[in-house]
Amino acid sequence: MINSPSPVMETYNRLPISFTHGEGVWLWNRDGERFLDAVSGIAVCGLGHAHPAVTRAICDQASRLLHTSNLYRIDAQQTLAEELCRLSGMENVFFANSGAEANEAAIKIARRYGNLLGIKSPAIVVMENSFHGRTLATLAATGSRKAQAGFEPLVQGFVRSPYGDVEALLKAAESRSDIVAVLVEPIQGEAGVIIPKPGYLSALREICDRFGWLLMLDEVQTGIGRTGHMFAFEAEAVTPDVVTLAKALGNGVPIGACLARGQAAHALGLGSHGSTFGGNPLACTAAATVLSTIVDQNLLEHVVSVGTHLATELKKVCADFAGFHELRSRGLMLGLEFAHDCSELPRIALKHGLLINVTSTRVIRLLPPLILTEEEADLLVQKLHKSIRILHDTRVKSSEASQKP
Ligand code: PLP
């Protein structure tokens with residue numbers, strides 16, 4: 001049935017499996033087989049599947065009120081915005097439904113900010129290999145020609161700079177007068193968990209201050225505890241002007257948020273932006289429960305300790321493989337880079353009851369739920385080790401076969 005023709009547009013390269021239910025870090029298929037989820041719905045289900053507090057909050061809210069629209073005050077939205085501002089040091093929030101939409105809001109803020117400064121055609125610096133979404137503006141901001149191909153004409157107003165390269169950014173700053181903002185991921189997720197050198201965000205802050213630009217951080221993947229901080233920017237003493245969030249904020253209930261402070265917080269005036277669903281009572285109640293659970297259960301400390309354990313154990317087993325290049329990690333955001341193509345690995349891992357993701361062809365990306373225990377981390381390592389061994393042996397066999405006369 002899974003392979004029969006589908007009325008769903010074929011935009012995704014899906015694995016041949018579907019799930020019926022989940023609990024914690026585990027997912028089950030209809031045959032009752034259990035899978036350790038080291039993807040979390042691409043960094044979404046930080047609290048794992050069917051988290052009792054989130055389920056209770058959603059059920060309770062759904063039984064009273066799902067949606068009223070932004071024509072009226074939404075109390076759950078006010079409460080969530082207050083908590084997000086308290087945690088992040090930002091001033092106010094625009095609510096959307098996804099990461100791309102949160103970034104669209106950030107891009108609109110930057111353009112309005114530029115316009116208010118008298119810059120007619122403002123430009124935003126974005127990075128090589130970045131990922132910001134699939135809407136037309138965020139696609140143009142994304143640093144992947146493959147993702148953009150066929151969707152031209154692209155939205156104008158972006159200047160590309162190499163990620164992690166402060167000198168290159170300074171050069172761009174000195175050669176143009178139309179730049180108004182930098183949009184950047186604190187760690188590049190889709191590009192393969194690329195972690196810039198310490199001091200990068202502080203250097204960006206300094207440049208933004210010097211040239212009057214907004215520092216806009218895309219924390220759609222890194223935010224809400226993933227790196228062991230509520231926001232990845234907390235690793236450096238930096239306060240951005242704009243922060244975008246989505247993914248883990250709702251633990252599976254779609255919600256996006258664009259947080260701002262200072263001039264950025266007041267760039268969008270009445271009627272200048274909106275969303276029918278953005279910040280509805282259901283999504284905001286789910287998100288508020290996610291935040292309070294992370295704080296009340298000290299999950300940030302847990303992420304640091306279980307993440308360190310996982311990275312240490314993975315390094316030990318990966319050292320066995322000739323093609324292993326390096327492990328990059330912060331908290332529970334891990335990338336294992338190999339010298340060769342690993343794109344077959346998710347299929348192999350599936351056979352061993354493990355869900356993983358491979359990005360940029362050669363990087364195994366692990367984004368397990370933040371509630372992962374040490375025992376579950378050890379199981380993850382065992383299953384991944386077995387899967388890499390199979391990929392490795394298959395590669396050795398096929399290369400031997402191709403060398404036979
Ligand atoms: N920004 C980053 C850093 C992301 O990783 C993603 C998705 O992977 C997005 C934006 C887009 O988010 P969404 O798919 O919710 O639109």
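The values are calculated or read from the model by the stated rules, or taken from the named source; none is laboratory data. A quick note: this is a predicted structure, and the numbers were derived from the prediction, not measured. Cβ sites come from the backbone with ideal geometry, for glycine too, and all protein chains shown count toward neighbours.
Search segment 234-255 for residues that are closer than 13 Å to residue 41 by Cβ and pair each with any residue that is assigned to a strand (DSSP E or B) when their beta-carbon atoms are under 6 Å apart and the residues are at least 6 apart or on different chains.
What qualifies is 246/256.
On the phi < 0 side of the Ramachandran plot, within 15 Å of the chain's Cα centre (by Cα) and at pLDDT 95 or above: is that true of residue 179 in this structure?
On the way: on the phi < 0 side of the Ramachandran plot: yes; within 15 Å of the chain's Cα centre (by Cα): no; at pLDDT 95 or above: yes.
Considered against the rule, which asks whether it is on the phi < 0 side of the Ramachandran plot, within 15 Å of the chain's Cα centre (by Cα) and at pLDDT 95 or above, residue 179 comes out as no.
When you scan segment 118-127, do you find a residue that is on the phi > 0 side of the Ramachandran plot, loosely packed, with under 13 Cβ neighbours inside 10 Å and over 21 Å from the mean Cα position of the chain (by Cα), even just one? Don't jump to the end; show me each part of the working.
Let us first name the residues in segment 118-127 that are on the phi > 0 side of the Ramachandran plot, namely 118.
Filter once more, so that each one left must be loosely packed, with under 13 Cβ neighbours inside 10 Å: 118.
Within this subset, residues satisfying the condition of being over 21 Å from the mean Cα position of the chain (by Cα) are 118.
Scanning segment 118-127 turns up at least one residue that is on the phi > 0 side of the Ramachandran plot, loosely packed, with under 13 Cβ neighbours inside 10 Å and over 21 Å from the mean Cα position of the chain (by Cα).
Tell me which of these residue 27 doesn't satisfy, since it passes every other one: (1) out of contact with any Asp or Glu (no Cβ under 8 Å at 6 or more places or on another chain); (2) among the aliphatic types (A, V, I, L, M); (3) closer than 30 Å to residue 383 by Cα.
The single condition residue 27 does not satisfy is (1).
Quick check, is residue 279 part of a loop (DSSP other than H, G, I, E, B) and within 16 Å of the ligand (Cβ to nearest atom)?
Working: part of a loop (DSSP other than H, G, I, E, B): yes; within 16 Å of the ligand (Cβ to nearest atom): yes.
Yes.
Give me the pairs: first residue in segment 96-112 and more than 10 Å from the ligand (Cβ to nearest atom), second residue part of a helix (DSSP H, G or I), beta-carbon distance under 6 Å, and six or more apart or on different chains, which are they?
Here the result reads 107/137; 109/264, each pair linking segment 96-112 to a residue that is part of a helix (DSSP H, G or I).
Checking the structure you have, find out if any residue of segment 46-55 is within 16 Å of the ligand (Cβ to nearest atom), at pLDDT 95 or above and not assigned by TED's automatic domain parsing to the domain that holds residue 154. Before the answer, list the steps.
Here is the first cut: in segment 46-55, the residues within 16 Å of the ligand (Cβ to nearest atom) are 46.
Restricting the remaining residues to those that are at pLDDT 95 or above gives 46.
If we keep only those that are not assigned by TED's automatic domain parsing to the domain that holds residue 154 as well, we get 46.
For segment 46-55, residues within 16 Å of the ligand (Cβ to nearest atom), at pLDDT 95 or above and not assigned by TED's automatic domain parsing to the domain that holds residue 154: present.
Does residue 77 satisfy the criteria of being away from the ligand (no atom under 16 Å from the Cβ), out of contact with any His (no Cβ under 9 Å at 6 or more places or on another chain) and in the same structural domain as residue 280 (by TED's automatic domain parsing)? Break it down stepwise before answering.
On the way: away from the ligand (no atom under 16 Å from the Cβ): yes; out of contact with any His (no Cβ under 9 Å at 6 or more places or on another chain): yes; in the same structural domain as residue 280 (by TED's automatic domain parsing): yes.
Criteria met by residue 77.
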